[in-house]
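Let me begin by presenting the structure, written as structure tokens, before commenting on it.
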Amino acid sequence: MVAGELGSGKTAFSFKLAQELHRPLTAIGIPADILGRWGRAIKPEEILDVPDGSTVLIDDAGLMFGSLDYNREASQRLHDLISIRRQRRLVIIANTVNTGVSDRYLLEADAVFCKPPSLLFSETERTKVSQLMREVKAAFSGMDEAEVKRHMYCASDLFSFVGMIEYGLPRGWNENISFNKASGPRAQAPQEEE
């Protein structure tokens, strides 16, 4: 799970993490024309069709798989996929502005990566997440905007790690990718580096 306020770099980090894993990428919430050669775009209802051994990136997970959408077919399929992710050797990366509206199964993550929390949604977070977000806020205090963009707070029981990590932008990154749902000119798919 990748959480943080709007425009904080969650999508860029999610793509960077996916690139570092060197696996086939399937994305939900990013149109195919924007995704380009990075991977395959699918609809939420197609989530069980991802190839074994791949990375699944869910952009704006709270919009695709909300906590109130439990009975929707797409949410049921997400639950099914999460329950068999290890057997299928899948890595699921989901990012959201507000974990309070995201499906609870997405919060059962092996690692949680956080940017500073949004003030608008801090009151709607679940208790355990609220506690984590207070730690995140303290960890980012005193950083200027450029430092915040380059860092992510990570908490993982699986890897026995809690702390800050520094990262760069994904190869071929286009800033418009993270604003893919906004009206106006569409972003272009990233060009493959030679």
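Scanning the range 146-190 for residues that are part of a helix (DSSP H, G or I) and within 20 Å of LEU57 (Cβ to Cβ), which turns out modelled with the highest pLDDT? So that I can check it myself, show each step before the final result.
Taking the range 146-190 and keeping what is part of a helix (DSSP H, G or I), we get 146-150, 175-179.
Checking which are within 20 Å of LEU57 (Cβ to Cβ) leaves us with 149, 175-179.
Working: LYS149: 90, GLU175: 72, ASN176: 67, ILE177: 69, SER178: 65, PHE179: 59.
This residue is LYS149.
Every condition in (1) open to solvent by less than 10 Å² (accessible area, probe 1.4 Å); (2) in a strand (DSSP E or B) holds for ALA74 except the one numbered (2).
Residues in the range 22-44 that are in contact (Cβ under 8 Å) with a residue 40 or more places away in the chain and open to solvent by 60 Å² or more (accessible area, probe 1.4 Å): 3 in all. If you go through the range 38-50 one residue at a time, do you hit one that is modelled with pLDDT of 80 or more, touching a Ser or Thr at 6+ places or on another chain (Cβ under 8 Å), under 18 Å from VAL2 (Cα atoms) and among the β-branched types (Val, Ile, Thr)? No: zero hits.
Checked against (1) within 18 Å of THR11 (Cβ to Cβ); (2) at pLDDT 90 or above, MET143 passes all but a single condition, namely (1). All conditions but one from (1) of a type in the set (A, V, I, L, M); (2) in a helix (DSSP H, G or I); (3) within 16 Å of the chain's Cα centre (by Cα) apply to LEU48; the one that does not is (3). Scanning the range 77-96 for residues that are assigned to a strand (DSSP E or B), touching a residue at least 40 places away in the same chain (Cβ under 8 Å) and buried (at least 19 other Cβ atoms within 10 Å of the Cβ) gives ILE93, ALA94, ASN95, THR96.
The values are calculated or read from the model by the stated rules, or taken from the named source; none is laboratory data. Nothing here was measured: the structure is a model prediction, and the numbers come from that model. When we count neighbours, we look across all protein chains shown, and the Cβ atoms used for this are built from the backbone with ideal geometry, even at glycine. To get the accessible areas, we keep the full protein, side chains included, count just its heavy atoms, and leave off ligands, DNA and RNA. Shrake-Rupley method; radii C 1.70, N 1.55, O 1.52, S 1.80 Å.
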